[in-house]
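Visitor: Right, I'll just put the structure down here and ask away after.
Just so you know, all these numbers are worked out from the coordinates, no wet-lab data involved. Here the structure is a predicted model, which means the values were calculated and not measured. Don't worry about glycine lacking a Cβ; one is built from the backbone with ideal geometry, like all the others, and counts go over all protein chains shown.
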Amino acid sequence: MQALEKKEWQVLLLILLLGFSLRATGSILFPLWSGPEELSHFFHIQFIAENGKLPAFPFNQQILTGIEKETIYQPPLYYMAAAPFYLLGAGQSDFIIVHLLRLLSVVFGTACIALTYLIAKKLSFSKTVCIASALFIALLPTNVVVSSTIDNSALSWVFCLAAIYYCIAAIQEKKTKDMLLASLFFTLTIFTKFTAMGVAMPFAIAAFAFILKGKGNIIKRIAACAIPIALIAIPLRNFILYNSFMPVIKELPMQINLEWLAYFSTHLFAGIWLQEYGTATIPDYRIIFFGFFAIVSAIAFIGFLALMLGKEWNGERKKAISAMIIFPILLNLGYIVYYNIFHVCPEARWLLATIGLAAILFMAGLAQFAKLIKQENKSNWLILLTLIVLLIFDFVLLWNYNSTLPPVPWTVPA
């Protein structure tokens with residue numbers, strides 16, 4: 001990791017403290033089992049801790065409609081890592097064990113804040129964009145919810161962002177150590193959660209560039225990129241156990257029309273800002289927040305488009321931004337769109353593996369928009385306003401989030 005100046009460390013530590021405090025507060029206030037699929041994740045961890053092996057259930061309709069269905073097909077790394085913490089609370093009530101396991105998510109979610117800052121710095125974004133991006137992740141209500149409850153997502157985000165950071169380092173510095181770490185973290189990402197596949201694009205680009213131009217002999221360069229071969233173990237195990245590489249029930253394609261598009265896009269956008277279970281419990285005035293976020297998102301998009309089409313960034317910089325930030329975001333989004341062609345499930349938390357990358361582009365776009373309208377000196381105020389609204393929304397979330405979840409949590413007006 002690159003060295004930070006003393007003032008940078010001080011600012012970053014304050015941001016980390018804010019992010020940790022919000023997540024720790026959520027982990028305490030959110031009732032048991034109120035996180036997304038929290039009971040299913042708990043069951044998986046409990047099974048490994050108490051039996052000393054991975055669960056291997058029969059692939060049938062009963063299993064896929066029961067508590068196991070949400071985690072039966074998931075890669076095992078998070079559950080294996082969490083099992084020792086379950087055992088630390090062995091003999092205690094579920095309340096104690098759940099909060100012990102939630103603390104893991106809090107730590108992982110907080111680590112994502114630092115990694116977002118480091119990626120922005122590695123790509124030479126301004127100090128304002130680096131700080132604002134880290135604050136965005138620290139304050140994003142969706143991120144707060146998912147990294148305050150038992151979930152395998154937060155650990156996958158850590159590995160995903162770490163992989164991208166070292167992919168950038170490998171391309172910039174051409175060192176075998178950086179490529180080896182990029183390869184390792186990419187592998188750990190997929191061993192934790194499939195929905196972090198967006199990192200495959202920057203890894204492939206970095207590996208190709210490193211093999212061609214990296215330091216050291218060609219054998220070492222190839223070997224540094226070869227760790228992901230281990231990932232074949234996941235589909236192989238599924239095939240042996242379930243005669244299927246991915247044990248899920250296949251459904252008929254949805255009818256793709258304007259109604260589907262409106263439902264999908266509306267709920268996906270809302271879920272980016274406030275995870276769907278949180279949305280289900282927040283009063284109707286949440287639409288005011290979503291309206292504000294829609295406006296600033298449009299402003300950020302225009303600003304970022306101006307950066308990509310303008311002359312402020314040279315061609316090499318645009319290629320680096322595309323390879324390491326834009327492509328993984330689009331690949332991640334493409335997976336969700338594809339999944340929703342067969343299932344109605346616009347869960348934006350699947351995008352959070354690359355939300356740290358999106359935060360960087362978002363803040364760079366807000367800063368650039370102020371330049372477009374000849375108000376460059378007011379760019380910080382626009383960024384600050386966005387962050388303040390996020391913080392207010394966090395307080396609304398923590399105050400209102402409860403255990404009364406409707407049967408279908410999609411209650412955002414379409």
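Visitor: What is the chain's relative contact order, in percent, from Cα pairs under 8 angstrom and six or more apart in sequence?
Guide: Computed over the chain, the figure is 21 percent.
Visitor: For region 20-171, what is the relative contact order in percent, using Cα pairs closer than 8 Å and at least 6 residues apart in sequence?
Guide: Relative CO of region 20-171 lands at 33 percent.
Visitor: Another question, then. Rounded to the nearest 0.05, what FRET efficiency is calculated for Asn243 and Ile392 with R0 set to 51 Å and r the Cβ-Cβ distance?
Guide: 0.50
Visitor: To continue, here is another question. Taking other Cβ within 10 Å of each residue's Cβ, how do Glu37, Glu316 sort, fewest first?
Guide: Glu316, Glu37
Visitor: Given labels modelled 7 Å from the Cα in the Cβ direction, how far is it in nm from Phe301 to Cys345?
Guide: Between Phe301 and Cys345, the simple spin-label model gives 2.6 nm.
Visitor: Another one. Listed highest first by mean packing, meaning other Cβ atoms within 10 Å per residue, what order do 176-188, 282-294, 386-398, 200-212 come in?
Guide: 176-188, 200-212, 386-398, 282-294
Visitor: Another question, then. R0 = 56 Å: FRET efficiency of Asn51 with Asn377, Cβ-based, nearest 0.05?
Guide: Plugging the Cβ-Cβ distance into 1/(1 + (r/R0)^6) gives 0.35.
Visitor: Going by Cα centres, region 311-374 and region 261-298 are how many Å apart?
Guide: 18 Å
Visitor: Could you tell me the calculated FRET efficiency between Leu13 and Lys177, based on Cβ-Cβ distance and R0 = 30 angstrom, to the nearest 0.05?
Guide: 0.70
Visitor: I would also like to ask the following. Counting helices only, and only those DSSP H runs with n ≥ 4, report the 222 nm mean residue ellipticity of the chain as the sum of -39,500 (n - 2.57) divided by its residues, in deg cm²/dmol to the nearest 500.
Guide: After summing the helix terms and dividing by the residues of the chain, the value is -21500 deg cm²/dmol.
Visitor: At a 10 Å Cβ-Cβ cut-off, how would you order Tyr335, Tyr79, fewest neighbours first?
Guide: Fewest-to-most ranking of Tyr335, Tyr79: Tyr335, Tyr79.
Visitor: Here is a follow-up. Going through the cross-link list Lys127/Lys193; Lys7/Lys319; Lys121/Lys311; Lys7/Lys374; Lys122/Lys378; Lys175/Lys311, which pairs have a Cα-Cα distance over 28 Å in this structure?
Guide: From Lys127/Lys193; Lys7/Lys319; Lys121/Lys311; Lys7/Lys374; Lys122/Lys378; Lys175/Lys311, over 28 Å: Lys127/Lys193; Lys7/Lys319; Lys7/Lys374; Lys175/Lys311.
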